[in-house]
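All remarks here apply to the structure that follows.
Just so you know, all these numbers are worked out from the coordinates, no wet-lab data involved. This is a predicted model, so every value here is computed, not measured. Note that each Cβ is placed from the backbone with ideal geometry, even for glycine, and that neighbours are counted across all protein chains shown.
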């Protein structure tokens with residue numbers, strides 16, 4: 001079976017056959033960048049995906065810890081879900097702007113390092129296979145992989161699975177969100193998680209129903225500590 005690798009064009013990533021590395025580096029990617037130049041998700045400035053002036057507008061949020069987050073031990077975010085972060089997440093999630101996952105993941109890694117979190121295994125909140133097939137990628141997985149790479153920590157996308165398709169959480173109140181994701185996740189790997197530190201990754205934290213449901217599954221499997229990190233946190237959590 002032919003293998004593929006990624007070539008970036010603007011904010012999107014395209015698959016090209018593995019082995020075309022020279023073509024990708026010296027011909028294809030520069031050509032695509034001319035046609036689809038990278039542009040800041042915040043202001044549209046050409047040449048960079050997240051420019052420094054826009055990054056400076058991010059409003060930070062406090063890191064939270066137990067007991068108000070149980071079964072999570074801690075929650076962190078790049079910043080409040082508004083402005084630049086809101087536009088970037090929506091472009092990543094709905095517009096195929098997969099290249100944004102790298103700078104967003106690097107921002108996540110920077111905040112985690114600043115908070116001096118102990119190393120853990122990055123685990124993305126999974127999508128149901130039907131939604132994954134429709135979208136073509138899991139934005140949480142792209143973010144988790146980028147953050148893990150920036151920190152040099154392990155990444156696993158095979159520990160959790162989404163057992164049933166759920167409705168979108170957008171527009172649901174707190175109780176409806178909890179019911180929507182109840183028993184929606186399960187441990188996908190039979191291996192023991194005893195004393196393993198997990199960092200769950202998602203794009204947005206609103207009420208926390210989805211992330212807490214995932215954390216419950218991991219905690220029940222014996223994970224030593226389950227923390228969560230997102231790009232943006234709303235004022236509803």
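Data table
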{"quantity": "Residues 48, 58, 198 arranged by fewest to most Cβ contacts within 10 Å", "calculated": "48, 58, 198"}
{"quantity": "Against the rule of thumb 2.2 N^0.38 Å, how large the Cα Rg of the range 59-233 comes out", "calculated": "0.94"}
{"quantity": "Ranked 206, 57, 234, criterion: other C-beta atoms within 10 Å, fewest first", "calculated": "57, 234, 206"}
